[in-house]
Amino acid sequence: MAFYTCMKFLPQVLDIVLKSEDSFKDDSFAEKLLDWLRTSSKTKEYYCNLVAETSAVVRFLSDSLKYGPNSKRTVFALKVLSILIEFAPTHKFDIACAFNVCGSSLKKECSTEQVVGASSEIKAVDVSSNIFEMHINQAQEELWWNPSVRCAWLEAVTRAVRVKSLRILQNGANEVAWNCLKDSSMFVKSAAEDFFVSTILQQIKTHQEQDNISQDILQIQQEQLKTSQETLVTTQKDSPLKKQRLQLEYETFQKILTTIINSDTFSLQQSSIEVLRKVLKFDPELGIKAIRQYNVVSQLSTFLTGSATTDVELDIIDLQTEIIKLSTVLERENICEIIQEVPMLLFHKKKLLAAISIASLLWRTEMKSVEKKNNMEMVLLPILLQTGELSECVTFVDKDCSVILSEICRQNKAACFQLMSTSLNLVLENVKEMDLTEEETMHILKLLVKLLEGIHEQCEPNPLMNSLIGSTKLSKKCFDILAIVCKSKSTKVMPWPLQLLCSINVVVQDPNTDVSLLTKALEVACCLDSLYSTDDGNILASGIQKLIHDPNWERRDSGVGFIDHVLRIGTCDIVDWVKKHKVSLSLWERIKDTESYVRATAAVSMSRLLLLSKDLTEAFLTECNLSKEDVLMELCRIVATDDGGFARRAAIESLSLLTHDRDFLSIILKFNPESCESFNTVCQTKQPTIAIADFQGTDNQTDIFPTDIENAGNFDEHKTVPRVDHTLIDKSTNTNMWNFCMVAVNQALSDIDWEVKIKAIDFWADIMKIILKDFLPNENKSCNYTTNHSRLSCLVFALTCLHKMGLQKLMESVSDHDRLVGVACCKVLIKLRNGLTSNGLTIENLKQLIHNQKINKSIIMCNCCEKLRCELGFTDISDFKSNLDFVMELLSTNFDKIVDEKSLIINDYSTNPLLLLEDIVATATPRDGTEQLIDCY
C-alpha cells in the first residue's frame, strides 16, 4: 500500500517541480523520482492510477504548459510522458485517447484564464492537439537550444513510435530526428540513433503482422473460392496499395542504408552504421531479416571496394562482423562467398587496413581450410614482410601485394607502424576467439619471436623494421598474444624458448622498460615451463634477481609478482629452480621492502612458498637462519604496525593461508602468553632497511644477492617504514593473552582499513572451524561423547579457549562503524551461536552448568578433545565461571536482526519511495532561513 501513500504526497512534490525555477535542489532527485514512477508503472493497477484524468501526474503535465519555458521542468515532463507511453502497450491502455482528453480539458481551462506575461505565472495556451503533441511542440519552439531538452524530446518520440495512434511518424518527427544525427552533442546523436532503431523495428514488425494477416485472408478465400484463386492471387500481388505499403514500411531502413553508401558526411555515415548495429543488438532476428532482404552485405562490400573513404571502412567491417556473428551457419557460408574476393580488391586499391581486417573476418569465419589459411596469411602479411618470412609462405598473396606493402612501408613510417599494429590486434582477437590448430599456433609464435628479436635489435637489421625498433606498444601486443597461446598450449614441444627468453631478458634487464611491458613479458616467462628444467633457467634467474633488487619499486614488485605466479604453478621443476637460485632468500628480504606494495606482494608469495613443499620450506629457513615462529612473527608485525593498508591485508591473508599447514597451525593455536612480550618488543624495534642497489653484474653471473652488492646511492625509497612507538600490548585493558598471533589479529579488528578488518574476521572464522570442528554444522565430527553433559564439557573447554584467544574482541566488532564489517562479524557469530544451540547449550542449561561446582575443579572430556587440549597447551579453565558473560551475550544477542538492519541501506529510496518524496519536500522548504541539503545517494 506504499504506492497509495506516496500518491497522496506526490501532488506536493510535483508542485515544487512546477513552480520552482531550479526544479530540485539535487538533480539526482529527479532521476530517482522518475525511477519510482517507472517501477510503479510496471504494475497495471498503479499505472492506471498514474494516467487517470484526476491524477497528480496528469495535472502536472497539463499545468506545466501554462508556465513560461524552463529547461528542467520541460525535461522532467518529457521523461514522465516517455514513461506513460512506454507502458501503455503493455497494459493495453489507449494513451492517445487519454492525451486527447487532457488536451481538451486544458483548452477549456485556458479559455477562461487571464494572460499573464511573467514567466513564473500562468500564461495562455493555444490548444490545437493532444497534450503530448503540445509538449513536444513547446520543446521544439522554445527550448531546442538545450541539449538535455533535445535528448528528452527524442526519448519521448522514440517511445511514441510504438503507439500508432500518436501518429508520431506522420507529424514530422523523422525529419527532426534526422537533423539530430548531425548534432554536435554525442548524447543527442545517440538518442536520435535510438529513435531510428525503434522506427525500423516497428516498421518491420508492422509489415510482418500485415503479411501474416494477408496470408490468413488469402488462405480463407482460397478455400471458399477455389475457382477464382488465380484472379485473387494476381490482385493481391499487383495491388498498388500493397506496393505503397511495402515502400512505406521499409522506407527508414532503406534511407539509412542509402546514407551509408551515398552520403559525403562522415558523421552521418557513422551514425547510420550505428543505427544498423543497434537494430541487430536490440532485435537480432528482425535485424537479420532486414539485412537479408536488402542484400546489405553485398551492397556494403561493393561500396567498400568502390567509393568508401578510409574513415568509414573499418566501421563497415565492424558491422559486417556483427552480421556474421548473428547469422546461421548456412548464411555465413553465403556471406563468405560474397566477400571472398574483397581483401584482394582492397589490397590492389591500396586500402591495406581494410584488406587485412576483412581477411581476419574470413579467417575466423571461413570453413574451408585452404581459404582459411590464405586469409590468415593475409592478416600476417605485415609481420611476414618485416621478419623476412614471406618467401616461405605458400599463399594466394601475389608479388604485387608484397610490392605494394613494401612501397608503403618504405614511404610512410607511420603507415608501416599502423599496419603492424593492426595486424597484431587482429591476431590477438582471433587467438582469443578461435581454437587454433597446432600448425597455426607454431607458425604465429615463430613469427612473433622473430618480430620481437627485430624490435629489440637481436638480429640483423631489416630496413623495413627501422620504424618499429624499440616500440613498447608492439612488444606489448606480441607478449599479449604469446601469453594467451602459451597458457593454452604446452611450451615443451616448442623449439624456440631460448630465443624468446632472450627477448624477455632484454625487457627485464632494461631499467627504462615500461612496467606494463615488463609485466606482460614476465607473464609469458611464467608459461615457459621447459626453462625451469634446463640451463636456460640460469638466464631467467639472473634477470629476476636483478629485478627484485631494482631501485624502482614497480620493477621490484613485478619481480616478486613473477615469483608469486611461478609458485602458483608449483611443479617439481619450479621447486628445484627456486631452491637452486635461492629465490626464497630474496623474497624474504622483500617482506621488509621500503614500499608497501612490494611488501604486500612478498607477504602473499611467502605463504605460497611455505605451503608448496616441505623441502623448500626447510631450505628457505636454513638459508635465512629463521624458525617458523620468526616467519609468523614478521607477518604479525606487518599486520600490527605496517603503515600500508595493502601490506596489512596481504599479511593477514598469508596468516590465514598458513593455517592450512599443520606445523604453522600448531604455532598459531599454541597457548603462549610469553610470546606476546617478545612480539611487543619486535614491534617497537626499528626493522633494518634492505639495501636496494644498482647491479653491475657480468653477463655470466647467474645468482646475485644483496650481500654481494654495494649500495649505489641514496634513494628516497631507502627510507625505513614508520613503526609505532607506543607499547602494542596494554595489559590493563587486554587480559586475554593467548599468543602473539592472536594479539595481532585482534588488533586488526580495529584497523582503519575495513578490508583488513574483514580479513581478520575471516581468520577468526578459520580458527573457529578448527577449535569447534566437532560442534559446528557441516563439519566432520570426532567428539565421541554421546551424553549431553559430557559433550557440553568438551564444548565448555572449546569456548574457554576461544574466549582466552579474544572472542570478546570479535563480538565488539558487531558495532563497527563499517557496515560490511559488522555484517561479516554477525554472520560468523551466527554460525557459532547455531553450533552452540545445536549441541544443547542454551541460556537455561548454561545457568545450571555454572552452578555445578565440579566444573571449576575438573572437566571430563573425550579423547579427541583431550588431544586438542594438549595441542593447544591450555589446561587452566578454572576461571571459566567468571568469564561466562560473553557466552550469555552470544546466546542472547539477536545477530540476525542486526544483519537485517545493517544490510538495509539507510534511506533506501527503492524500497521506501516515501522517504524520497519527503526529502524532496524537505530540501524545498527552508527552515530558519537555511536550505535543507540532503544527500540522496
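The values are calculated or read from the model by the stated rules, or taken from the named source; none is laboratory data. Keep in mind that this is a model prediction, so the values were computed, not measured. Ideal geometry is used to build each Cβ from the backbone, glycine not excepted, and the neighbour counts take in all protein chains shown. All accessible areas refer to the heavy atoms of the entire protein, side chains included, with ligands and DNA or RNA removed. Shrake-Rupley method; radii C 1.70, N 1.55, O 1.52, S 1.80 Å.
Observations on the structure shown:
- Local electrostatic count at residue 136 - Lys and Arg +1, Asp and Glu -1, tallied over other residues with Cβ under 14 Å: -1
- When the GluC sites (Glu not before Pro) in the range 262-369 are filtered for DSSP coil states and for at most 16 other beta-carbon atoms within 10 Å of their beta-carbon, the remaining sites are 341.
- Stretched out straight at 0.36 nm per residue, the stretch from residue 817 to residue 580 would grow longer than its current Cα-Cα span by 80.4 nm.
- Available extension along the chain between residue 889 and residue 674 is 74.4 nm, counting 0.36 nm per residue and deducting the alpha carbon span.
- For the residue pairs 289/349; 79/325; 592/809; 804/867; 351/477; 368/473, the C-alpha atoms sit more than 26 angstrom apart in 289/349; 79/325; 592/809; 368/473.
- Taking only protein heavy atoms and a 1.4 Å probe, the accessible area of the range 299-350 is 53% carbon and sulfur.
- The string of couplings for the range 514-520 from the Karplus curve (6.51, -1.76, 1.60, θ = phi - 60°) is 4, 5, 5, 5, 4, 4, 5 Hz, one whole number per residue in order, with x for Gly and Pro.
- At an R0 of 45 angstrom, the distance between the Cβ atoms of residue 328 and residue 413 translates into a FRET efficiency of 0.55.
- Taking label positions 7 Å along the Cα-Cβ direction at both residue 516 and residue 568, the computed distance is 2.0 nm, reported to one decimal.
- Rounded to 0.05, the FRET efficiency of the residue 643 and residue 45 pair, given R0 = 45 Å and the Cβ-Cβ distance, is 0.15.
- Length gained on full extension, residue 265 to residue 2, computed as 0.36 nm times the residue gap minus the Cα-Cα distance: 89.4 nm.
- Sites residue 433 and residue 844 - FRET efficiency at Förster radius 51 Å, r taken between beta-carbons, to 0.05: 0.20
- For q = 0.23 Å⁻¹, Debye-computed log10 I/I(0) when each Cα of the range 598-657 counts as one equal scatterer: -0.89
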